[in-house]
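A short write-up of the structure that comes next.
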Amino acid sequence: MSLVALLDYTSVLIFAVTGALVASRAQLDLVGFAFIACLTALGGGTIRDLLLDRNPIFWIANPTYLAVGAGAALVIFFTAHLMESRLRVLIWLDSFALAVAVAAGAGVALSLDQSATIVILMGMITGCMGGLMRDVVVGEVPLVLKQGELYVTAAFAGAATAALGRFYAIDPSLALLGCAAITWILRAGSLAFGWHLPVYKSTPPKS
């Protein structure tokens, strides 16, 4: 199995778990769990493949990805009640999923010899869009848009690391591992230490 495929499988699994945890917070039935889990797990990669004109899309070419997402939903359906703080578990699992998915998206673009701009965009889309769709569907404020947190910025920095790795002729596997590490460090730092970019605050006009 290639590193990119391994990253895809890992991101699908972890994102599916986060989707199922969101479904548990929304008190959905088993079908709802499976739907939200698979939407979260496959959404970003689907948009990536559509934009890159990959035919067939990764989970159509290999339905095992669907099975992984549905299996994760089934497990969480019966075990979510055992977690003391599902929100905290969800947020931290999402940070790992983001890191792996950004690397997977950047890796696919690199394997297709895309430009640095496309590598960065595909990494960001793969990492961010599944979670965005998950939160919108269940009516929660998307983690991507939480005020002052590093999320899209972390994805950008990680994907840019992968693009720079190719520019400096670094081994692709090391570049993708570096991509995942940078993404997770920034996201985890935001969660644990409050790292953030300046937030725009409007001031009322002077009378």
Roughly how many Å² is the accessible area per residue of the chain, as a whole number, for a 1.4 Å probe?
-> 51
Per the Cauchy relation, a quarter of the hull surface: what is the mean projected area of the convex hull of the alpha carbons in the stretch 60-207, in nm²?
-> 12.7
Give me the distance between the Cα centres of the stretch 92-160 and the stretch 1-76, rounded to whole Å.
-> 14
Please build a GNM for the chain, connecting alpha carbons under 10 Å apart, and tell me which residue among 122, 83, 133 fluctuates the most.
-> 83
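The values are calculated or read from the model by the stated rules, or taken from the named source; none is laboratory data. Keep in mind that this is a model prediction, so the values were computed, not measured. SASA here: full protein model, heavy atoms, side chains in, ligands and nucleic acids out. Shrake-Rupley method; radii C 1.70, N 1.55, O 1.52, S 1.80 Å.
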